[in-house]
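Some notes on the structure that comes next.
The values are calculated or read from the model by the stated rules, or taken from the named source; none is laboratory data. Keep in mind that what you see is a predicted model, and the values were worked out from it rather than measured. Here the Cβ positions follow ideal geometry from the backbone for every residue, glycine too, while neighbour counts run over all protein chains shown.
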Amino acid sequence: MLLIKNGRLIDPGRWDGIYDILIEDGKIAEIAPNLEHSAERQLSLSNERQLSLSKLNASGKIVTPGLIDMHVHFREPGEEYKETIESGCLAAVHGGFTAVCTMPNTKPVNDNRQVTEYIIKKADEAKAARVYPVGAISKGLEGNALSEYGELKSAGAIAVSDDGKPVKNSRLMRKALEYAKGFGLLVISHCEDLELVGNGVMNEGALGTRLGLPGIPNAAESIMVMRDIALCELTGARLHIAHVSTKESVAAIREAKKRGAAVTAETAPHYFTLTEEAVGEYDTHAKMNPPLRSERDRQAILEGLADGTIDVIATDHAPHSSLEKDVEFDRAANGIIGLETSLSLSLQLVEKGILTFAGLIEKMSVNPARILGIDNGLKKGSPADITVIDPEISYVVNADTFRSRSRNTPFNGMRLKGGAVMTIVNGNIVSEN
C-alpha cells in the first residue's frame, strides 16, 4: 500500500485541491483529505496478506493522472543501437510518462500480429511505462495495400498510422479511414505532400536561402491536412493529425472542429518553443520533419493550444545516433528525442499564462486518454498510474544523463524549470528523481 499525502491533485473535471491518495493492489483505493486513519484501518483489516504502508509526502508537489505520449519512435525491432523498447520506456518514466504509443516504422514494420506482440512483450519485460503499439496503415508503409487491421487490433494495436511517411493515395486513405472505423481504431495521419517537399531540408524562407539549404513550404503540410480532414468528414471516421507545425494547419483544424468533424490534433514542444533560427550554423539537432517553422507559425501553435484547436502535446521522440546526426545538414536524419524534456518545456506554457495547470494536464494526459480510449485518471478503482510534478525545481539539460540511448536534442545546456519527480505505474514507483 502506498499513501500519497498533501499533494495538489489536478485532474480536470475531478480534482483541483489538496488531497491524499491511497493506492492498493495497483489501483486507487481512496482519495480524500487526511487519509492516515483510513489507510491504517484498511491495513488492519487485511488479515489474509502481509501488507505494509509506505507514505509519500507530496506537499508542494502537483499530483496528476499519468502523462501519456501519443507519439514516440522506439527503434526496436531493427535499430536497437538508437533505442530499445526498454531504454525508451525508462526515458518515458524519467520524463513523467506512464504510457506511450509507439509508431510502426520499425524494421520490420509493425504491420502484423508478430511485431505488435513482440513490442508488447518487450515492454512488459521492461516493467516501466505502458506501451500501446500503433500499427501501420499500409503494408510495409508503402502506401499500396492496407494492413490487416483486425489482426493488429486483436494483437494489441491501439491505432494505425504510416507515420514517417504520408499516405499519398487519397483513395487508399479513404479506405483506411473506413476500415479503421469498422474496428474502432484511430487513424493518425502524417500530413506531408512529398512533391512539394522535394529535396527540402528546412523551412522555406529567407534563412534557408541564406544558408543555401532547400526549403519546405508550409503548404506541404497544410494541403494534406485539408485533404485528410475532407476524407474524415466524408467517412465519419476519427482522424488525429500528428505533429502540427504551421499556421495554415491550425486554421484548417479549427474550422473543421467548428463544423463538427471528428478530428483531433497534436503538436510537439519544439514547435512551440523553437523556430527555424535554431538551425543556426547548420545544427543537425534542429533538423526534423516537419521542420521548425517561423515565429508566425510558432505563435499560431500557441494560439491553437490556448483555444483548444490542438488537443495534445506529444513528443515525436525520434532517437538517432551520431552516425545519422554528425554529418552534413542535408544528409542528416530528421528527428529529435523529447521524452525527458517535454514536461519541463510544456510547463513554460503555464509559466507564461498560455495554459493553466489543468489545461496542461488535459493536453498531456486527459485528452490523450480520451482519444485513445485508455482508462487513466485519479478516481477510485482506476489503475494507479500517477505523475508527481515539482513545478519549482530548476536544472540544466544534460543529454549525457538521459535514459534514452540517443542524445539528439537541441535543448542540451538549456536551463529549465519544473519536472517530474516521481512516476507511478500500476501502483509501483518506476522512477524517482
For region 183-194, pairs from a residue that is closer than 12 Å to Ala159 by Cβ and outside the structural domain of Thr235 (by TED's automatic domain parsing) to a residue that is surrounded by fewer than 23 Cβ atoms within 10 Å (Cβ to Cβ) and among the polar types (S, T, N, Q), with Cβ under 6 Å and 6 or more apart or across chains, are none
How about region 242-283: which of its residues are touching a residue at least 60 places away in the same chain (Cβ under 8 Å) and assigned to a helix (DSSP H, G or I)?
-> Val250, Pro269, His270, Phe272, Thr273, Glu276, Glu277, Ala278, Val279
The residue that is nearest to the chain's Cα centre (by Cα), considering only those in region 334-356 that are among the β-branched types (Val, Ile, Thr) and more than 24 Å from Glu192 (Cα to Cα), is Thr341
Glu86 vs. criteria modelled with pLDDT of 95 or more, under 30 Å from Ser138 (Cα atoms), among the acidic types (Asp, Glu) and in contact with a Ser or Thr (Cβ under 9 Å, 6 or more places away or on another chain) | no
Mind telling me which of the residues Arg370, Arg331 ends up being over 22 Å from His94 (Cβ atoms), basic (Lys, Arg) and within 15 Å of the chain's Cα centre (by Cα)?
-> Arg370
Identify, from the list Lys352, Lys325, the residue that is in contact with a His (Cβ under 7 Å, 6 or more places away or on another chain), at pLDDT 95 or above and more than 30 Å from Glu24 (Cβ to Cβ).
-> Lys325
Among the residues of region 400-433, which ones are out of contact with any strand residue (DSSP E or B) (no Cβ under 9 Å at 6 or more places or on another chain) and without any contact (Cβ under 8 Å) to a residue 24 or more places away in the chain?
-> Asp400, Thr401
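Yes or no, residue by residue, for (1) crowded, with 16+ Cβ neighbours inside 10 Å; (2) in contact with a Ser or Thr (Cβ under 7 Å, 6 or more places away or on another chain); (3) modelled with pLDDT under 90; (4) not assigned by TED's automatic domain parsing to the domain that holds Glu392:
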residue: Glu24; (1), (2), (3), (4): yes, no, no, no
residue: Pro33; (1), (2), (3), (4): no, no, no, no
residue: Ser38; (1), (2), (3), (4): no, no, yes, no
residue: Ser44; (1), (2), (3), (4): no, no, yes, no
residue: Lys55; (1), (2), (3), (4): no, no, no, no
residue: Ala58; (1), (2), (3), (4): yes, no, no, no
